[in-house]
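The values are calculated or read from the model by the stated rules, or taken from the named source; none is laboratory data. If you're wondering where the values come from, they're calculated on a predicted model, not measured in any experiment. All Cβ positions, glycine included, derive from the backbone under ideal geometry; neighbour counts span all protein chains shown.
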Amino acid sequence: MAKENSKLILSLISLAVFFFILMGIVITGSFQIDNLINQQISLLQNSLLDQIFIFLGNYLKSILIGIGLVAIFALYIGKRKKESLILAASIGLGFIFEQIIKFAIQRPRPEAHLVQELTYSFPSGNSIFSVILFSLLVYFYKDKIKNNALKIIFISINILLVLFVGFSRIYINVHWFTDVIGGYAAGFFIVVVILWIFELKSSGEHW
């Protein structure tokens, strides 16, 4: 019961953060913190970092999709059908959710971005995808790692990857800070809901 309550609380917090940002965009169009953080990150820009982040900006989604497909396949052939379905369903729902919100809100992207993007800004799809992918990898594999130090390293790497994805989107100026935070919140909410649905569905069933 405590575990279910904690999931409910986390999902509600994530949903509240997402809708707070969503309503702020709808009502005011922008947040002051967006300009502040985007300007501060732009001070870090230099030719070497620009090349690295521009490359990632062009190929990041393809890289994340590739990792996701490999993970789904690895889970499936490893006789973890339930987990592979959870990951696939979460990714699919995340993509659909992103497209619906982008079309509904139509928030413009920041100007002078380093990579050309033709879609709208809110929420960051890569941020949604990274939270879904890397949080579920932690969820599926952390208990398989018996060495505590390796487990901490594994979890830390996945958290850093999520943060790096969000940072990279702001660095190349294709997203506002709140696009990324909203994407994180949406991705986490989707993960919690999908896990809850599958756990409810699989009660008493054999996968």
Practice task
State whether one or more residues within the stretch 135-151 are closer than 15 Å to Glu98 by Cα, of a type outside the set (A, V, I, L, M) and within 11 Å of the chain's Cα centre (by Cα).
Solution key: no
Practice task
Would you check if Phe19 is under 18 Å from the mean Cα position of the chain (by Cα) and within 28 Å of Ile101 (Cα to Cα)?
Solution key: yes
Exercise for the section: Kindly list, by first and then second residue, each pair from a residue in the stretch 144-156 that is under 23 Å from Arg80 (Cβ atoms) and in contact (Cβ under 8 Å) with a residue 12 or more places away in the chain to a residue that is of a type in the set (Gly, Ala, Ser) and in a helix (DSSP H, G or I), limited to pairs with Cβ atoms under 7 Å and residues at least 6 apart or on different chains. Expected result: none
Exercise for the section: Please tell me if Ser130 is closer than 15 Å to Gly66 by Cα and touching a residue at least 40 places away in the same chain (Cβ under 8 Å). Expected result: yes
Completion exercise
Exactly one of Ala149, Ala112, Ala104 is in a loop (DSSP other than H, G, I, E, B) and surrounded by fewer than 16 Cβ atoms within 10 Å (Cβ to Cβ), and that residue is Ala112
Practice task
Please state which one of Ile77, Ile25, Ile21, Ile91 is surrounded by fewer than 18 Cβ atoms within 10 Å (Cβ to Cβ) and not hydroxyl-bearing (Ser, Thr, Tyr).
Solution key: Ile77
Exercise for the section: Select, from Leu56, Leu75, Leu10, the only residue that is at pLDDT below 90, in a helix (DSSP H, G or I), touching a Ser or Thr at 6+ places or on another chain (Cβ under 9 Å) and within 25 Å of Tyr141 (Cβ to Cβ). Expected result: Leu56
Practice task
Could you tell me which residue of the stretch 30-53 is surrounded by the fewest Cβ atoms within 10 Å (Cβ to Cβ), considering only residues that are part of a loop (DSSP other than H, G, I, E, B) and touching a residue at least 40 places away in the same chain (Cβ under 8 Å)?
Solution key: Leu44
